[in-house]
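Please read the structure below before turning to the comments.
The values are calculated or read from the model by the stated rules, or taken from the named source; none is laboratory data. Computed from a predicted structure; not experimentally measured. No Cβ is skipped: glycine too gets one built from the backbone with ideal geometry, and neighbour counts run over all protein chains shown.
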Amino acid sequence: MTSAQDPDKELVQRIQNGDRPAFNQLVLKYRNRVMGIAARMLGDRGEAEELAQDVFVKVYRALGDFQGAALFSTWLFRVTANSCLNHRRKRRAEVRILDGAGDAALAVADPSSNPHQLLEQKELRIALEKSIQSLPEEQRIVLILRDVEGLSYEEIADSLELELGTVRSRLHRARLQVQAGIREKFSLDGRRSDRL
Amino acid sequence: MNCQDVRELSSDYLDRRLAPHELSALEEHLGVCPDCRREIEALRATISLLGSLDPVETSADFLSRVHRKLEKESRLSRIRGWLLEPIKLKVPLEITALVLVGILVSHLYYRSPELAKESRLSVPPESPQAAGDSTAERSREAGGREVHERDRAEPKRRSEAAEPAAAAEKSLDAVSRAAAEEVVADDVASYEKKVQALLAQMGGRILGQEGAADSVLLLTVELPQSRQAEFLASLKEGRAAEVQAPKSKPQALQGLKKEAEDKRDPPATGRIAESRAPSALEQSPRKDQPMVRLQLRILPKK
């Protein structure tokens, strides 16, 4: 998708003309995606929420200079990714997994599942989140943007200012590592390892 | 294509990013390799799980907290602007203001002999040796005062010895001040002597002088306020018509009278009338008598 086809073009122009409600729309549209990237990159919900707010403040301040050379969403994810990487470099803390509240968010209600299946599904997703957290951050951000947020390779390359080949190789290594992590977890439990 | 190649291309395969010839080769291998098929399916399941992760939702007041941060940023930005803007804007303004103040002070300094005098008095008196060759020093017996003149191009270096009559200087607060008077004289030096004589007659004196006797001479004089009008009238009279030589006999006017008699016919300018004999009171002003200071610019006749 080119910048001329940017679905956010009109909203961005309205914000650039001083339309505050348009900014609110943009925040509401993207807040959970920004929050998701931040939460999985930082591993802490509280810090992720603060960072996500800061991302929108930065975006609002810098939107006057946004020329539309890339999609707005690509630019937004670039700001988010850079903010996460900078935050982690500053913090230099141990990798933490999402807390209980985060875990609760992972439990997807499936009407067809019985309680045992729901518990298994929840455990699986917690294992998945842990595997994501254990990735090197340069692989993790690519995996999150591609497999969680659904960006194209090209959008990821633009957002992270990487070559396409780098995106491909980082993504593949990340996937294999996550797969290995889940396999390890469930082979130890003796469950579901055959599927992964 | 072997198993290793297939494992390397599995992500591209699942994301449909293989070139047609790669795709056909890979699918051909999968058709005959159950291990690779299982690996591909396991990776597909992993990707599917990642895609099914729920969004991590923000708090309900996320938007209002963003707006609060924006407001806070705006306040900080304004403060930062006040602190840092001078670098871009205020410094030039301050420099401009300083330059303007400098010009004003300089203007006042040259226009107001009182300011110049007070400025000079605040500097310790220079010795004649220190004054150097470029200094035209002249000492004058006028109320026991000594005036050092320096090069006009360096007025700020001028200093004047503190007067012995410090008490008289202290009374300057009560002294009214007047604007400069200009007169044209045939002989500036001679005219200066006549002014000195006239002042002596009226109980006044010359406080200071700038310039050279052969060019423009600026005199700062002091006299009783009650005699100001008379003094100025004498000056005007001297400029407009024949000025009579002094008839009084004060010691300081003896030479002046003689000169006046010698030059009875020559041009009126540069001569000062002595209208009446000064009284003892006039020649020696009382300390509580209000004094006035005047500036007299004596221009040589061209």
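What the table shows:
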| quantity | calculated |
| --- | --- |
| Looking only at segment B:184-227, and only at residues there that are free of Cβ contacts under 8 Å to residues at least 60 places away in the same chain and under 22 Å from residue B:289 (Cα atoms), the one that is surrounded by the most Cβ atoms within 10 Å (Cβ to Cβ) | B:199 |
| Test set (1) more than 30 Å from residue B:292 (Cβ to Cβ); (2) at pLDDT below 85 - residue B:122 fails condition number | (1) |
| Long-range neighbours under 7 Å by Cβ, at least six apart or interchain, first residue on the phi > 0 side of the Ramachandran plot within segment A:42-65, second at pLDDT 90 or above | A:43/A:133 |
| Positions within segment A:37-61 being small (Gly, Ala, Ser) and either at pLDDT below 90 or under 19 Å from residue B:68 (Cβ atoms) (or both), in sequence order | A:38, A:43, A:46, A:48, A:52 |
| Top-ranked residue of segment B:8-38 - restricted to ones that are within 21 Å of residue A:148 (Cα to Cα) and acidic (Asp, Glu), ranked as surrounded by the fewest Cβ atoms within 10 Å (Cβ to Cβ) | B:15 |
| Of all residues in segment B:40-65 being more than 9 Å from chain A (Cβ to nearest Cβ) and of a type in the set (D, E, K, R), the one that is surrounded by the most Cβ atoms within 10 Å (Cβ to Cβ) | B:44 |
| Residue A:80 being closer than 25 Å to residue A:130 by Cβ and away from chain B (no Cβ under 12 Å) | yes |
